[in-house]
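Below is one structure; the comments refer to it alone.
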Amino acid sequence: MPPDYTAVIQTLQNTFDQNFYDKAPHIPAEADVVRLFEGFRALLCQYTLHTMRPDQLRLLAQCAEELEKQILHSLCLLCQKKEDCAACQAQAAHITQDFVNGLPQIQRLLVTDIRAAYEGDPAAVDEIETLLCYPGVLAITYQRMAHFLHTRGVRIVPRIITEHAHSLTGIDIHPGAAIGPAFFIDHGTGVVIGETCVIGSRVKLYQGVTLGAKSFPLDENGHPVKGIQRHPIIGDDVIIYAETTILGHVHIGEASVIGANKWITQDVPPHSKIN
């Protein structure tokens, strides 16, 4: 006779409270999210969104259909109701269409990042090399798609895809971070960019840079207060060298150069050089 695992199943079921099981049917499928965003990345990287072939159109339609499903799961997971509702379904359909229509905009930003990587690294022999081989370009590609959804109220799906990029590259960029065009992370390993960070145009970071928060204010119940600005604001044309840590809601002025291995918790005026 097969072994009886009834006791084990009951123990597993008792591990989580009922609230967890109420949410379980609406948890986005991580593998499906990763796969569909790999499809979107393939479309973005072919430079042909304005003249798509039939196979590309099919891929776009498949990815869009799956994206709507995963967005619906994400919305329902955080919804106050315990089952799918018409409002979540309508919102998921609207956000998906908005995302598909926004792909050319995301692609234009990505092209500026690819060119920034090529122009910012003398070792690069072609822009396509940076697209195919540079971890910073891969990380920002996923983050720009995730950020688009994050700004439209989707939470879980964007985190899945940026954490996927994190696992591939060692670069941890929260989908909430607002990043301007022509962004380049050289080498990249160990870079951390927090949720409320704002980065201007033509900014260059090296490996090990942290743009983080100093501490988390707590509410009356001892829980971290969410939704407040707690990460740095980086001006246009700033360069931050390896292993530098910048913490808190500080401003790094435009065209400043921050040397390696620095610890910064105060504002830096524009055009500064910190060696």
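The values are calculated or read from the model by the stated rules, or taken from the named source; none is laboratory data. These figures come from a predicted structure and were not determined experimentally. Please note: Cβ atoms are built from the backbone with ideal geometry, for glycine as well, and neighbour counts cover all protein chains shown. Ligands, DNA and RNA are excluded from the accessible area calculation, which covers all protein heavy atoms including side chains. Shrake-Rupley method; radii C 1.70, N 1.55, O 1.52, S 1.80 Å.
In sequence order, what are the phi-derived ³J(HN,Hα) couplings for the range 92-99 according to the Karplus relation 6.51 cos²θ - 1.76 cosθ + 1.60 with θ = phi - 60°, rounded to whole Hz, with x for glycine and proline?
For the range 92-99, the Karplus-derived couplings read 4, 5, 5, 5, 4, 5, 4, 5 Hz, x marking Gly and Pro.
Measure out, as a whole number of angstrom, how far apart the alpha-carbon centroids of the range 113-158 and the range 190-261 sit.
Taking the Cα centre of each part, the range 113-158 and the range 190-261 sit 18 Å apart.
Could you give the angle, 0 to 90 degrees to the nearest 10, between helix 30-44's Cα long axis and the longest principal axis of the Cα atoms of the chain?
Orientation of helix 30-44: about 40 degrees from the principal axis.
Let's test the formula: R0 of 25 Å, r as the Cβ-Cβ distance of GLN105 and THR189. What FRET efficiency results, to the nearest 0.05?
Working: r = 29 Å, r/R0 = 1.17.
According to the calculation, E is roughly 0.30.
Roughly speaking, to the nearest percent, how much of the chain's 1.4 Å accessible area is carbon and sulfur? Intermediate results must be reported in sequence, preceding the final value.
Values: 7950 of 14390 Å².
Carbon plus sulfur share of accessible area: 55 percent.
I want to verify a result. In a Gaussian network model of the chain, Cα cutoff 10 Å, which of these has the top mean-square fluctuation: THR11, THR169, THR196?
THR11
Skip the ligands, DNA and RNA, and give the accessible area per residue of the range 81-210 with a 1.4 Å probe, whole Å².
On the way: 5260 Å² over 130 residues.
Accessible surface, normalised per residue, equals 40 Å².
Give me the percent of Cα-Cα pairs in the chain that sit more than 31 Å apart, rounded to a whole number. Walk me through the numbers before you get to the answer.
Values: 13341 of 37675 pairs.
Summing the P(r) of the chain above 31 Å gives 35 percent of all pairs.
What distance in nm lies between label points placed 7 Å from Cα along the C-beta direction at GLN97 and GLU30?
For the pair GLN97/GLU30, the computed spacing is 3.3 nm.
Helix 54-78 versus the longest principal axis of the chain: what is the Cα-based angle in degrees, 0 to 90, to the nearest 10?
Taking Cα atoms only, the helix is inclined about 70 degrees.
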